[in-house]
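Read through the structure below, which is laid out as structure tokens, and then see the notes.
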Amino acid sequence: MHESDYRKLIDELQTVIRNTLKLLDAFEDSGMNEHMIDDYERLHSILNTAIADQRRYHAELLDMLKQNNPPLGG
């Protein structure tokens, strides 16, 4: 993948994270988390997966950037 691909994925995952957090807040504010437990748990699963994926892509991007720009003297 290219740097731009990583950055796009990271940005898209940030949108998923932000929107999922808003939806979780809405669930909690309306009490739906107590009535739609399976859906609420799925939202948490989506959030956790998006965060893990975003961290992985960040790490891969950083590794790629380090390989393309080694430290001075190295």
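Would you mention how many residues in the stretch 27-41 are part of a helix (DSSP H, G or I) and surrounded by 12 or more Cβ atoms within 10 Å (Cβ to Cβ)?
Of the residues in that region, 6 qualify.
Restricting the search to the stretch 17-69, which residues are β-branched (V, I, T) and either touching a Pro at 6+ places or on another chain (Cβ under 8 Å) or under 30 Å from E3 (Cβ atoms) (or both)? So that I can check it myself, show each step before the final result.
Step one: list which residues in the stretch 17-69 are β-branched (V, I, T), which gives 17, 20, 37, 46, 49, 51.
Once the filter is applied, which keeps residues that are β-branched (V, I, T) and either touching a Pro at 6+ places or on another chain (Cβ under 8 Å) or under 30 Å from E3 (Cβ atoms) (or both), the stretch 17-69 yields I17, T20, I46, T49, I51.
With respect to the numbered conditions (1) crowded, with 16+ Cβ neighbours inside 10 Å; (2) under 30 Å from N68 (Cβ atoms), which one is the sole condition not fulfilled by L47?
(2)
Check off (1) modelled with pLDDT of 95 or more; (2) outside any helix (DSSP H, G or I) for L72 and give me the number that stays unchecked.
Condition not satisfied by L72: (1).
Collect the residues in the stretch 10-27 that are within 12 Å of I51 (Cα to Cα) and either touching a helix residue (DSSP H, G or I) at 6+ places or on another chain (Cβ under 8 Å) or in contact (Cβ under 8 Å) with a residue 60 or more places away in the chain (or both), keeping them in residue-number order.
I10, L13, Q14, V16, I17, T20, L21
The values are calculated or read from the model by the stated rules, or taken from the named source; none is laboratory data. These numbers come from a predicted model, not from an experiment. Counting neighbours? That spans all protein chains shown, and the Cβs are built from the backbone with ideal geometry, glycine included.
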